Every structure is written in C-alpha cells, then in structure tokens.
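Before any comments, here is the structure.
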Amino acid sequence: MLLVARRLVQALLILLGVAAITFVLLYALPADPARMIAGRSATAQTVANIRHELGLDQPLLMQFWHYLSNLLSGNLGRSYAQKTDVWTLIAARLPATLTLMAAGIFVEVLLGLTLGTIAAIRRGGFVDRLVMMASFVGTSAPQFLVALLLLYLLAVTLGWFPMSGFGGFSHVVLPGVTLGLCGAGWYARMVRSAMIDVLNQDYVRTARAKGLSSRRVILRHALPNAILPIIAMIGIDIGQFMGGVVVVEAVYGWPGIGQLAWQAIQQVDIPIIMGVTLTSALAIVIGNLLADLIAPIVDPRIRTR
Amino acid sequence: MTSPETAATVLSVRDLSVDARTPEGLKPVLRDIGFDLASGETLCIAGESGSGKSVTSLAIMGLLPKASLRVTSGEILLGGRDLLKISNRAMRQVRGGEIAMVFQEPMTSLNPVISIGAQLTEAIRAHQGSENAEAVALRMLEAVQITEPARRLQQYPHELSGGMRQRVMIAMALSCQPKVLIADEPTTALDVTVQAQILTLMRELKTEFGTSIVLITHDMGVVAEMADRVLIMQGGRLIEQGSAVAIFNRPEQPYTRQLLAAVPRLGAHAGTDGPPRITPQPAQPPAEDRTPIMNVQDLRVTYGSPASRFLKGKPQVHAVDGVSFDILPGQTLGLVGESGSGKSTTGKAVLGLIPSSGDVLIDGRNIAGLSQREMRPVRRSAQMIFQDPYASLDSRMAVGAAIAEPMVIHGIGSKSERQDRVADLLRRVGLTPDAATRYPHEFSGGQRQRICIARALAVEPKIIVADESVAALDVSVRARVLDLMLELQETMGLAYLFISHDMAVIERMSHHVAVMRGGKIVETGTRREIFEAPSQEYTRALMAAVPIPDPELYQKRAGAN
C-alpha cells in the first residue's frame, strides 16, 4: 500500500510537470487563439475583446495559476471554439478511445506473445525467420499506410468490416488490428529474445528432467518468466499508443479523443489540447502503475515484504 | 555396499558416442562410453571440465541440446529398453519417473516464479496421478530433513538458501521413487559444511529408497566418500573404471594418478610451518622480525544506510565487523570462511576498492581517507587477482596490452622497455613471449589465470590479494597455478592475502591462517596452530566437513563417529 501511495504522489507531480510544459509550449506558439476565433475579417478591437474575455491578456504566470487552481478543483476549462466544458467533451469521447486502446493492446500482446514464443522455440528455423521478417515490416510500416491497406482489402474489396464509425464489435476490429499490428512486431521481438534467454535457464532443464511435456514446460515454466520484462514494457508503451490513436482515429473516423485533439490543434483550442494532453499523461501514469502492481503478482521476488 | 557381480544391473550404457555440431563440422564429444549401474550402487563419474561427464548424464536423460549435440551411436538400456529408440512420450515417463536428476546449480535450477509446493507436486502429478500429491510433497520435504517443511511448500525459491534449494531438488528428484538418480556436481556450488550435510543425506536416502546413484563430480574427495565404483573420464573417453578402493590405491592410468596427486589433502602438510611447493623445492627463507607489509586494524564494512530524520534507511548489514590482521613481507595469510563470511569483502576493502572504516596500512601508508590520486602509488604495491579468469580479462585487448596496461597507468618505462618486461613476465608465469600478441579467448582457464598473475606482477607489487583465484580451475591446473604462486613468492618475496573457501588449498598456501565467520575473524594463528590444534568449534567443523580423498580412511572416520 505504501507503494500505491508513493506512486500517487509521483503521478501528481508528473501531471503537474506535464501541465506546465504543455502550457509553456502552447503559449510559445506563434498562433493567436483570439484571432483564430474572431476570424480573418475581425477588427483589432474585436480580437482584443475576445483576448480579454479569455483572459489571454494577463501575464503568462497568472494564466497558468488560474489554470492550475481550476484544475485542482477538477475544472479543465472551457473550449474556445465549442464553448463547452472541456471535461464534458473528453468524457463523451473517452469510452470510444478506451475501447480502441483495449482492442489495440489485446491484438498487440496476443500476436506478440504467440509469434515471439513460436519464433523462440523454432529459433533459427524457417518460421523464426518469417516471424522476424514480418515483425520488421510491422514495426517499420507507417500506421496510416497499414490502416489504408486494411481498409482497402478487408472493408472495400471483401466487405467483411465497416469502413468507419463506432458501434458494434465489427467496427472495432480494423482500428484495433491497425493499432496493434505495429506494436505486435515490436513485442514479438522482445518476447522472442526474452524467451530464448529463459529457455536456456537451468530451471527449464529441471522442468524437462521432471518428464513434463514440451507444452507444459513452455506455458507453465518458461512463459511466466519471459513475460516479466514485457509487463513493464506495456506500461511504458501506452505513451506510444496515444500517438497511434490520433492517426487511427482520423483514418477510421473513430469518435475518440484523438479526433477531438486533432480538431483542437487546427483551431488552436488551447483548453482542449491541454485537457487531452493531461488525460493522455494520466493514462500513461495509470498504465505504469498497473504494470507495477501486476509485476509482483507474477514475480514473487519483487513482492514487498 | 553392494557388489556389482551379484546385484542386478539397472542401467547399462553401451558404446555411447556423441558429436558436437560446430562451425568447423562435427567434433566428437563422447567416444564409446560403456558402463553398468548395479541396483543400489553409487557410481561416481570423475574427470575435469570438458571430459564429457555432464554430456554423458544429459544423454542418459535425453536432454542433450538438439541444436548442438547429437548421439551418433550406442545404446542406453533401462529395464531392457533402449532409451535412444523409444518415443518422446515414453521418454517423458522415464524422465523424472524412472531416472531423475539433480543439477549443479541449486540457485538457478528451481523456477523463480513458481512456489516450491507447486514445483514438487507437478513432478508427482506427472508420474503418479493427482491424488495426495500435496501429502507426498510434504513427506518428501520431511525426508530430505528440511526445517519447517510445511512452510516451505508455500515459499518461493528465492526465500531459501542454496543448501535448502538443493534439498528441494533432491526431494523433487526422489518424489517418484526413480530407479536411478543422476546427480551432476550436486554439491559443487555449496559451502563445505552444507556439502557434507547433502552428501550424508544422499547416502541415507539411497538406503531408504533403494535408488542407484550416478554421481558426477570433479572432486576426488567427494568420490572417496560416496563411490562404490568409479569411472574416470578424460577428453570424452572412459579411461579407467574400478572399485573406489582400487582406483584410489592402485590407479593404473597415468592420468588417474595425476588427478589423485593433484588433489590437496587436508593435513598433508602437518608438522611444517611454511607452505611447501607441490613439486619439492628448497626451503623458504625465514621472514620473521620484519615490519608488516599490510597491517589492518578494526576494519569495518557496512551495507545499507542509517535512518535519518526524513528517510527510514535500509537495514544495516555488517559485512566486515572489526577485522584486524598483519601480513609480513614474503608471507601468506590464508583467509578462509564460508560464503557470506565477509572474506571477499575484506579483500576488496583492504585495497580501498569499497568504502570501509578502520585503518589499513599498506607498506606503512594508511589508505584511509586517501583520494583516488593519492591511492595510486599505494595500488602499485598492492595488486589483486580475481576468481574468474574468463571475466577478468578484456576479450578485445591483446594479452600483451593487458599486461602492459598497469605499467602505462603508473607511468613505468618506455614503450620498448614495457614490451621487454611483458615478455619477461610471460616467461615468469610459464607462458611464451609470443602470447603477448594473442587474445584471451585463445587461452585455457589456467593460462588466463597465469596472464592475470602476470598483469598483477607488472607493477612489481609487494603484496597480492588473491580472491578465490584457483576456485574456477580444474584440480590439476589448480595445482600448477598454486605452484607458480609459491615460486613467485620465493623468488620475488611477494606477500599474499589468499582468500579461499577451500581448507585444503588454504593449508597448502598459508603461513598464517585467519578463519572468518559472520564478518569477524573467529580464529587466527600459524598454519600449524590452526590445522593441528584448532581452538574453535567452527574451525573444527569446517575441517571435519572437508571430504577426504581416501575411501578407506573415510570408512574408518565414518565408522569412528
């Protein structure tokens, strides 16, 4: 429990840091939100009025202080363009994004674990080389390209899945696979090398010497040891994932926070950008916390005494 | 004891040959190995590293790594079946069910993420069905005399000591009452007192369960204590076999004789004060009445951090707790103790390699509080040789450059002078000067340790700290390296702080001996005092635990107890 408490304090500090950095970066932008809102034909007076209304004419430190004090009371501010509470906007789209992320991680881990394990067992053989080549292609292929290829093949040509939108299970398959595929190559490599290492360990030999089947030796004895480094990876990986989410949501017209962020960036809608950034940071922090909590369940050596 | 003529043969190996697949093609690893194992017999396979003894055991278990090793001919007969011809499924029933194995490394042989209980019951379920697996597991842990057996079932391997883990391994191996137990160096990684307990346990269990044992070891002392019959292997061939008494008393092959001669025998040097050369040499010059080259007063090394106002601190461990000793020029202090006794930490601390408190005077200079720069001249007079000759040489640095490096650091000589000195040092340690241009991987373990010694000698030190410097070497190689160290001591007047867990090696090398336990020196004295009249119970226990490489003497001692 001490671990959780310490992690929560750390999480708060990280979020504060993220807020400060994003804030400074956004205000260093040459774009002027007041002018964007007012439109091209607006007079200087109108722009100044809008700027005053949004509090943009105050010193940067004051603005940040206002933002933080609002944040601590759970208020992410109001969108400049949509005139709506930012949290309401994010909350409405969060389920879609979380579904997409869950699907992506599922595909990624399932493919990565299976392929990596098979490659390790067949080390040096044809299957191993095939998996490694595929994973190389997977990690290096740009996500939008994978998305377009899948769309063309499985949605347009074969018509198995809907082109876009959010709804039933069939809607989530293509975006989930797109999101997971790139990571899967990476995981396959990680799992393969961890597995090769574990298969050479003395305890695997002991398990074989007991007369266990190869299947049991691999699933019961080798795999739990090989996924130990992978668990920590998944936590860190959520950050990578958020980047992919924006692309995938754009291609598939997925109504998640990636889309929201995409629109907000175009409109210099600073409160939304801040809100989405903080939500992503929170997701990464939670992901890492989960990884830290799951690791001791699998590995008794790091259980706190 | 069972005589092999009358007892039934359990396992029989005929003309077994194994090849290794290497980039240069197939290389023979085993050639025409043949032996019978009688029911209730303990058969020891002895030999040095690379002799093929472990490959033999893995071949019997069908556990040879397929990618690199392959059985090319021969038969392994168990109950009339040839294990090399049966199906994988049938072989799985044999493995663990009829032939079980205990491995060398208790620290890594158990799965770290599975509880002891689950690992035990798994073996039982695989061969005897699920009923009462837990009860059988508990009974087995009781049989191997582990403390608190019920609690151990819930624990994980990292919570157990090496000796306990090896007991668990033995329990696991015997849980299905196999006909044959193969133990591959089961006690090599254990402290000598724990080794004695495990060997006793194995003898008791053999009688209790009626298991035949194949014991693989490089330690002739262990062979003498355990074996009914002995096989001697060298270079993948079986060169001699016979009853234990016959092998020890009337070895036929020169290699067997050499192997036996190289074994240090505890008590072999009783009645002398200095360490005699293994090959006879003139006596040592007396080295009394001189000021010590190393003087250590109240040395303490503490791990962990004390609690402060803000931090809870880590629990403090006194790894070295008030150790004091002197070493005279040209003499050797043997520092002996079991793992965790603090002997290696002491070795590092006296050279200022880890932070410590207390006074260490090297050649009259106190190293306490010296900066890195001020330490440099002191380092010239005190050098170190480490345990692992494989890891302590940079694999990308030519041997000559490695030996010259300390001279470069200390600014000794010109480039050509250093080259001459490297050649001279290589000759001194028994290598040829052309070794200078070669790389460490071209040398054997013993040769590498010679190179490490040459490197330590490069700056003409007055004292060398040797931390388990021969522990990783085979007995015959070990004997030659020890001999070299004695010779260098004689000709160069070197002093050694010789750290070892091996009482026999300590006896061979030392003028004075200090016995360490729990970070403290529990007994110190001349070699004669320690080995002929130890005053501490612990010292006596350490010595009693050392296996005697003489089966008849062992029988007598065992009978007397």
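The values are calculated or read from the model by the stated rules, or taken from the named source; none is laboratory data. Note that the structure is predicted; figures quoted are calculated from it, not measured. Glycine also receives a Cβ, built like all others from the backbone with ideal geometry; neighbour counts cover every protein chain displayed. Ligands, DNA and RNA are stripped out before the accessible areas are found, and what is left, the full protein with its side chains, is counted by its heavy atoms. Shrake-Rupley method; radii C 1.70, N 1.55, O 1.52, S 1.80 Å.
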_Index of the failed condition, B:Ile76 passing every other in (1) open to solvent by 10 Å² or more (accessible area, probe 1.4 Å); (2) more than 11 Å from chain A (Cβ to nearest Cβ); (3) in contact with a Ser or Thr (Cβ under 9 Å, 6 or more places away or on another chain)_ = (1)
*Scan the stretch A:129-139 and give yes if some residue there is in contact with a Cys (Cβ under 7 Å, 6 or more places away or on another chain), open to solvent by less than 70 Å² (accessible area, probe 1.4 Å), in contact (Cβ under 8 Å) with a residue 24 or more places away in the chain and over 17 Å from A:Ala250 (Cβ atoms), otherwise no.*
yes
*Consider B:Gln177 carefully, then state whether it is buried (at least 22 other Cβ atoms within 10 Å of the Cβ) and away from every other protein chain (no Cβ under 11 Å).*
no
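In the set B:Ser68, B:Ser57, B:Ser49, which member is in contact with a strand residue (DSSP E or B) (Cβ under 6 Å, 6 or more places away or on another chain), among the small types (Gly, Ala, Ser) and within 26 Å of B:Tyr255 (Cα to Cα)?
On the way: B:Ser68 fails: within 26 Å of B:Tyr255 (Cα to Cα); B:Ser49 fails: in contact with a strand residue (DSSP E or B) (Cβ under 6 Å, 6 or more places away or on another chain).
None of the other options fit; the residue is B:Ser57.
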_helices (runs of 4 or more DSSP H) contained in the stretch B:358-471 and holding at least 3 residues open to solvent by 50 Å² or more (accessible area, probe 1.4 Å)_ = B:372-381, B:399-409, B:415-428
*Somewhere in the stretch A:64-86, is a residue within 24 Å of A:Phe166 (Cβ to Cβ), open to solvent by less than 40 Å² (accessible area, probe 1.4 Å) and in contact with a Pro (Cβ under 6 Å, 6 or more places away or on another chain)?*
yes
*For the stretch B:397-428, what are the residues that are polar (S, T, N, Q) and either under 13 Å from B:Ala454 (Cβ atoms) or in contact with a Phe, Trp or Tyr (Cβ under 6 Å, 6 or more places away or on another chain) (or both)?*
none
*asked:* If I filter the stretch B:98-107 down to residues being open to solvent by 10 Å² or more (accessible area, probe 1.4 Å) and under 16 Å from the mean Cα position of the chain (by Cα), which single residue comes out as nearest to the other protein chains (Cβ to nearest Cβ)?
replied: B:Glu105
*Name the pairs whose Cβ atoms lie under 8 Å apart, with the first residue in the stretch A:212-236 and more than 15 Å from A:Thr114 (Cα to Cα) and open to solvent by 30 Å² or more (accessible area, probe 1.4 Å), the second β-branched (Val, Ile, Thr) and part of a loop (DSSP other than H, G, I, E, B), and 6 or more positions between them or separate chains?*
A:Leu228/B:Val113
*Which of the residues belonging to the stretch B:164-174 are surrounded by 22 or more Cβ atoms within 10 Å (Cβ to Cβ) and either more than 9 Å from chain A (Cβ to nearest Cβ) or part of a loop (DSSP other than H, G, I, E, B) (or both)?*
B:Arg165, B:Gln166, B:Arg167, B:Val168, B:Ile170, B:Ala171, B:Leu174
*Does any residue of the stretch B:495-512 turn out to be more than 27 Å from B:Ala46 (Cβ to Cβ), modelled with pLDDT of 85 or more and open to solvent by 10 Å² or more (accessible area, probe 1.4 Å)?*
yes
_Pick from the stretch B:312-353, criterion in contact with a helix residue (DSSP H, G or I) (Cβ under 7 Å, 6 or more places away or on another chain) and in a strand (DSSP E or B), ranking: nearest to B:Gly493 (Cα to Cα)_ = B:Thr332
*Which of the residues that make up the stretch B:513-561 are among the acidic types (Asp, Glu) and open to solvent by 30 Å² or more (accessible area, probe 1.4 Å)?*
B:Glu529, B:Glu532, B:Glu537, B:Asp550, B:Glu552
*Exclusive hit being crowded, with 19+ Cβ neighbours inside 10 Å and of a type in the set (Asp, Glu), set B:Glu24, B:Glu41*: B:Glu41
*Considering the stretch B:506-561 alone, what residues qualify as being in contact (Cβ under 8 Å) with a residue 24 or more places away in the chain, under 21 Å from B:Thr332 (Cβ atoms) and in a helix (DSSP H, G or I)?*
B:Ile506, B:Glu507, B:Arg508, B:Met509, B:Arg527, B:Arg528, B:Phe531, B:Glu532, B:Thr539, B:Leu542, B:Met543
*Which one of these is free of Cβ contacts under 8 Å to residues at least 40 places away in the same chain, exposed (fewer than 15 other Cβ atoms within 10 Å of the Cβ) and within 13 Å of chain A (Cβ to nearest Cβ): B:Ser87, B:Ser68?*
B:Ser87
*asked:* Give me the residue from the stretch A:147-203 that is closer than 28 Å to A:Pro95 by Cβ and among the β-branched types (Val, Ile, Thr) and, out of that set, farthest from the other protein chains (Cβ to nearest Cβ).
replied: A:Val156
*Output the residue which, of all residues in the stretch B:180-194 that are in contact with a helix residue (DSSP H, G or I) (Cβ under 7 Å, 6 or more places away or on another chain) and open to solvent by 10 Å² or more (accessible area, probe 1.4 Å), is modelled with the highest pLDDT.*
B:Asp184
_Exclusive hit being buried (at least 24 other Cβ atoms within 10 Å of the Cβ), within 14 Å of another protein chain (Cβ to nearest Cβ) and either at pLDDT 85 or above or assigned to a helix (DSSP H, G or I) (or both), set A:Ala295, A:Ala207_ = A:Ala207
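Return yes or no: is B:Arg125 open to solvent by less than 20 Å² (accessible area, probe 1.4 Å) and either within 10 Å of another protein chain (Cβ to nearest Cβ) or over 18 Å from B:Met202 (Cα atoms) (or both)?
Working: open to solvent by less than 20 Å² (accessible area, probe 1.4 Å): no; either within 10 Å of another protein chain (Cβ to nearest Cβ) or over 18 Å from B:Met202 (Cα atoms) (or both): yes.
Judged against the criteria, B:Arg125 is not a match.
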*Listed residues B:Leu353, B:Leu370; which is under 18 Å from B:Val465 (Cβ atoms) and modelled with pLDDT of 85 or more?*
B:Leu353
*Can you spot a residue in the stretch A:283-293 that is touching a helix residue (DSSP H, G or I) at 6+ places or on another chain (Cβ under 7 Å) and within 21 Å of A:Leu89 (Cα to Cα)?*
yes
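Condition check ((1) within 25 Å of B:Lys27 (Cα to Cα); (2) at pLDDT below 90; (3) more than 14 Å from chain A (Cβ to nearest Cβ)) across all residues:
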residue	(1), (2), (3)
B:Leu43	no, no, yes
B:Gly50	yes, yes, yes
B:Lys53	yes, yes, yes
B:Thr72	yes, no, yes
*Has the stretch A:156-167 got at least one residue that is open to solvent by less than 80 Å² (accessible area, probe 1.4 Å), under 30 Å from A:Asn200 (Cα atoms) and among the hydrophobic types (A, V, I, L, M, F, W, C)?*
no
*In the stretch A:37-63, what residues are surrounded by 13 or more Cβ atoms within 10 Å (Cβ to Cβ) and either among the polar types (S, T, N, Q) or closer than 19 Å to A:Asp85 by Cα (or both)?*
A:Ile37, A:Thr46, A:Asn49, A:Ile50, A:Arg51, A:Leu54, A:Leu56, A:Gln58, A:Gln63
